[in-house]
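K.L.:
Sharing a structure here in structure tokens format.
The values are calculated or read from the model by the stated rules, or taken from the named source; none is laboratory data. Every value quoted in this text rests on a predicted model; they were computed, and no experiment measured them. A quick note on method: Cβ atoms are made from the backbone with ideal geometry, for glycine too, and the neighbour counts reach across all protein chains shown. Side chains included, ligands, DNA and RNA excluded: accessible areas come from the protein's heavy atoms. Shrake-Rupley method; radii C 1.70, N 1.55, O 1.52, S 1.80 Å.
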Amino acid sequence: MPEQPAFGAELRRRRIAAGLTLGAFARSLHYSKGYLSKIETGDKPAGVDLARRCDTALQANGELAALVSPRRRLAQPPPGESEYDNDVWMMQMDPDGSSRFAPVNRRALIAGVASAVGLAAVRRSRPTVAARQDGTLAAFRSMFDHHRQLGQVASPAVVLPPLIAQTNAVRSCAVAASGADRVQLFALAARYAEYTGWMSQEAGNDQAAEWWTRLAVDLAATGGDGTMAAYAQVRRALITLYRDDAVQTVELARHAAAACGVPARIRGLAAQRQAQGHALAGQELECRRALDQAAELLAAAPRSAQPVIGWATATDPVTLVTGWCLHDLGQGRRAADILAAGLARIPAAAHRNQARFGARMALALAGDGEIDQACDVARGVLDHAELVDSATIRVDLGRLARTLARSRGYAPVRDLSPRLTAALHVPA
């Protein structure tokens with residue numbers, strides 16, 4: 001549990017040491033004097049967002065924020081759990097559009113989950129002929145691009161069923177292939193699995209996201225590529241980032257960047273994630289160093305014929321991450337300006353990224369007391385967010401709702417509230 005009494009006492013000590021009255025400090029944070037008084041006495045718990053703003057205002061370099069930040073760690077999988085060749089994939093799709101997926105251990109399946117007739121039919125359908133065709137790899141790559149485009153305009157419920165089926169098709173062809181085709185098909189199957197993990201996280205299922213990420217590592221390693229293991233750490237750091245775990249986010253990203261033989265692009269993406277972790281912790285100097293390193297590495301990364309790892313629709317990801325970090329560092333106005341510049345370079349049809357960074361921009365404006373502008377931006381964000389149904393975007397929309405609730409009597413907030421509340425609803 002957060003050390004809330006310790007936070008309140010330390011906040012009061014630092015505020016008084018800085019020569020700030022409670023009223024002046026409250027006005028600078030856009031909170032009421034009475035509310036902050038209850039925080040200092042421990043009568044009310046401080047939220048993570050408020051703790052970060054206090055930390056920045058008092059130049060505490062993350063020490064205040066650390067008193068309320070969670071310290072959760074990702075569970076480590078049992079050895080061998082993600083060895084893809086021991087799993088049979090089962091999916092159920094219902095008439096109403098819902099679907100369920102589960103990997104089933106092959107021994108359990110043989111023991112009675114499915115009939116021997118079904119197993120034989122699966123074995124006979126192994127796509128050895130397709131694996132040998134010259135156009136197979138190119139077709140699978142083209143379909144992967146289409147899946148990523150679909151992921152920018154549709155919900156995970158729409159994207160995941162065909163994506164899972166396609167991932168299975170590519171891995172099956174990889175198993176049946178030989179030579180250079182085998183290597184490239186396993187690499188592509190790993191990309192499919194990694195993206196399936198991201199869509200699973202967008203659906204709000206971190207456990208499934210972890211499973212798919214481990215599968216991506218296994219597939220890449222089978223094809224002789226060990227670099228996916230490093231990128232998997234960057235992906236896991238994204239899970240801990242949305243859990244507000246700054247320490248684990250930085251640790252995972254550092255581990256990814258330090259792995260032997262990691263390409264410049266993956267190290268650049270790891271540096272970006274480190275920057276976000278440092279920003280969560282209120283460590284501005286470390287954050288800026290990581291952002292500079294990310295910009296240098298991503299600029300130096302060579303272009304690849306393979307589907308690009310990470311950001312596919314943002315031409316200037318470092319600008320967007322910089323704005324993201326500045327919000328967490330309590331610099332709302334600067335964050336909003338930089339995010340606006342970055343959003344202008346994202347295609348309007350990339351609804352998922354438009355919603356993600358637009359929500360962060362609205363949150364930065366609201367936290368800085370710019371309520372009218374925050375509501376204007378939020379209306380456009382909801383147009384995008386309602387299409388893609390993202391669990392991670394709902395995290396920032398929830399923070400935005402709580403921030404705007406302090407001005408619930410203001411007409412623009414009242415008008416926005418029904419749509420914002422509906423967007424926070426988690427589908428069954």
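K.L.:
Taking the stated definitions as given, is Ala66 more than 25 Å from the chain's Cα centre (by Cα), surrounded by 15 or more Cβ atoms within 10 Å (Cβ to Cβ), farther than 25 Å from Leu404 by Cβ and at pLDDT below 90?
P.N.:
Criteria not met by Ala66.
K.L.:
Quick one: count up the residues across segment 169-192 that are in contact (Cβ under 8 Å) with a residue 40 or more places away in the chain, small (Gly, Ala, Ser) and in a helix (DSSP H, G or I).
P.N.:
Qualifying residue count, segment 169-192: 5.
K.L.:
Also, I was wondering about something else. Output the qualifying pairs, or none if there are none: Cβ atoms under 9 angstrom, residues six or more apart or on different chains, first residue in segment 29-48 and closer than 18 Å to Gly330 by Cα, second residue among the charged types (D, E, K, R) and open to solvent by less than 40 Å² (accessible area, probe 1.4 Å).
P.N.:
Every condition considered, the pairs that remain are Leu29/Arg53; His30/Arg53; Tyr31/Arg53; Leu36/Arg15; Gly47/Arg399; Val48/Asp244; Val48/Arg399.
K.L.:
Which residue out of Leu404, Leu363 is modelled with pLDDT of 90 or more and touching a Lys or Arg at 6+ places or on another chain (Cβ under 6 Å)?
P.N.:
After applying the criteria, what remains is Leu363.
K.L.:
Another question, then. Please go through segment 384-428 and pick out each residue that is open to solvent by 20 Å² or more (accessible area, probe 1.4 Å) and not in a helix (DSSP H, G or I).
P.N.:
Hits for segment 384-428 are Asp389, Arg408, Gly409, Tyr410, Leu424, His425, Val426, Pro427, Ala428.
K.L.:
Same structure, new question: Only one of Ala271, Ala341 is outside any loop (DSSP other than H, G, I, E, B), surrounded by fewer than 16 Cβ atoms within 10 Å (Cβ to Cβ) and of a type in the set (A, V, I, L, M, F, W, C); which?
P.N.:
The conditions single out Ala341.
Residues are listed down the side, and each one gets a yes or a no for (1) hydroxyl-bearing (Ser, Thr, Tyr); (2) open to solvent by less than 20 Å² (accessible area, probe 1.4 Å); (3) in contact (Cβ under 8 Å) with a residue 24 or more places away in the chain; (4) assigned to a helix (DSSP H, G or I):
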| residue | (1), (2), (3), (4) |
| --- | --- |
| Arg235 | no, yes, yes, yes |
| Leu241 | no, yes, yes, yes |
| Arg288 | no, no, no, yes |
| Ala294 | no, yes, yes, yes |
| Pro302 | no, no, yes, no |
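K.L.:
Could you please let me know if Gly369 is in a helix (DSSP H, G or I) and open to solvent by 10 Å² or more (accessible area, probe 1.4 Å)? Explain how you work it out, then say what you get.
P.N.:
Details: in a helix (DSSP H, G or I): no; open to solvent by 10 Å² or more (accessible area, probe 1.4 Å): yes.
Criteria not met by Gly369.
K.L.:
Something else: Which number in (1) surrounded by fewer than 18 Cβ atoms within 10 Å (Cβ to Cβ); (2) closer than 30 Å to Ser28 by Cβ marks the one condition that Gly332 misses?
P.N.:
The failed condition is (1).
K.L.:
Further question: Anything in segment 189-225 that is more than 21 Å from the chain's Cα centre (by Cα) and surrounded by fewer than 24 Cβ atoms within 10 Å (Cβ to Cβ)? List them, or say none.
P.N.:
Asp218, Ala221, Thr222, Gly223, Gly224, Asp225
K.L.:
Out of the residues in segment 1-50 that are closer than 17 Å to Arg406 by Cα and among the polar types (S, T, N, Q), state the one that is surrounded by the most Cβ atoms within 10 Å (Cβ to Cβ).
P.N.:
Among them, the one singled out is Ser37.
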